[in-house]
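A short worksheet on the structure shown next.
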Amino acid sequence: MRPEELLNILHLAERLKDTPRHCYTSGGRRESVAEHSWRTALMAYLVADEFPGADMGKVIKMCLIHDMGEAFTGDIPVFSKTAGDEAREEELLFKWVDSLPEPYRTEFASLYREMAERQTTEARIYKAMDSLEAVIQHNESDISTWEPHEYALQREYAWDRMAFSEYLTQLRQAVLDETEEKIKAKPEGIPMDQDKKKRSPE
C-alpha cells in the first residue's frame, strides 16, 4: 500500500475517536466508537482459546472494522436507527470500500458481507463480542446515565447471540450478575422503568 493510501485510511479511522456512542464511560464521559471497536477486538483476542476451531485473526479484523461506516454517519443507537439510516450507512461504507487499494478492497467487502450474513462461526463470535461489549460498558457507566428502558435491556439483550457457545452463555450470565448487583445498589431516587421492550444498547 502506498503511504498516501495508508494515511487516507488512517485519517478516516481517526474520525471514530471523535464519534460518540450512546453510553458513558466509568469516568463519566461519552465513549467513542473507536474505543468500543478497540475493546471489542481486545475481547476477541482474550477469548481466542475458547474457540480453537475458529479463525480468530479474522474475528479480530471484523471487530476492528465493524463500525467504520459510522465515520460517515455518526453512531445511531439501534433503538433509534431506521431502515433508511442503515441503507445510507451501507451505501457510504461500500463507496469507501470500493476506493481502497487491493487486496484490502476485496477483503473488506468480503468481511462486511460475512458479518452481515452472520452464518459463519467467526461472524457469530464477532457479533457476540460487539453485543457483550455494549452491555459491559453500560454496567460500567453510572446508573444515573441509564435510560428507563435500559434496566430491562441490560437483563434481556443478546442472549440469542450467545446460544451457539456454552462459554459465551456463561459469560453473558456473568455480565447479568454484574447488572443485578448494580441495580441492587442503585441509589434512592433513580427510577426503574416498567418498559420491557428489547432494544439494543449499541
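The values are calculated or read from the model by the stated rules, or taken from the named source; none is laboratory data. Computed from a predicted model, the values in this text were never measured in an experiment. Ideal geometry is used to build each Cβ from the backbone, glycine not excepted, and the neighbour counts take in all protein chains shown.
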Which is of a type in the set (D, E), more than 14 Å from the chain's Cα centre (by Cα) and crowded, with 17+ Cβ neighbours inside 10 Å, of E117, E89? E89
Can you give me the number of residues within the stretch 115-159 that are in contact with a helix residue (DSSP H, G or I) (Cβ under 9 Å, 6 or more places away or on another chain) and assigned to a loop (DSSP other than H, G, I, E, B)? 6
Condition (residue is modelled with pLDDT under 95 and under 18 Å from R161 (Cα atoms)) applied to the stretch 78-101: is it met by at least one residue? yes
If a residue has to be closer than 28 Å to R118 by Cα, surrounded by 13 or more Cβ atoms within 10 Å (Cβ to Cβ) and modelled with pLDDT under 95 to count, how many in the stretch 159-202 make the cut? 5
Count of residues meeting criterion [under 16 Å from the mean Cα position of the chain (by Cα) and outside any loop (DSSP other than H, G, I, E, B)] in the stretch 59-73: 10
With respect to E31, is the statement that it is within 19 Å of L100 (Cβ to Cβ) and either of a type in the set (D, E) or not in a helix (DSSP H, G or I) (or both) true? no
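Please find, among L111, L100, the residue that is in a helix (DSSP H, G or I) and under 19 Å from K58 (Cβ atoms).
On the way: L100 fails: in a helix (DSSP H, G or I).
Sole residue among the options that is in a helix (DSSP H, G or I) and under 19 Å from K58 (Cβ atoms): L111.
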Scanning the stretch 43-79 residue by residue, those acidic (D, E) and surrounded by fewer than 16 Cβ atoms within 10 Å (Cβ to Cβ) turn out to be D49, E50, D55
Flag for I76 being assigned to a loop (DSSP other than H, G, I, E, B), among the β-branched types (V, I, T) and under 14 Å from the mean Cα position of the chain (by Cα): yes
Of the conditions (1) among the polar types (S, T, N, Q); (2) touching a helix residue (DSSP H, G or I) at 6+ places or on another chain (Cβ under 8 Å); (3) surrounded by 15 or more Cβ atoms within 10 Å (Cβ to Cβ); (4) farther than 22 Å from A128 by Cβ, T40 satisfies every one except a single condition; which number is it? (4)
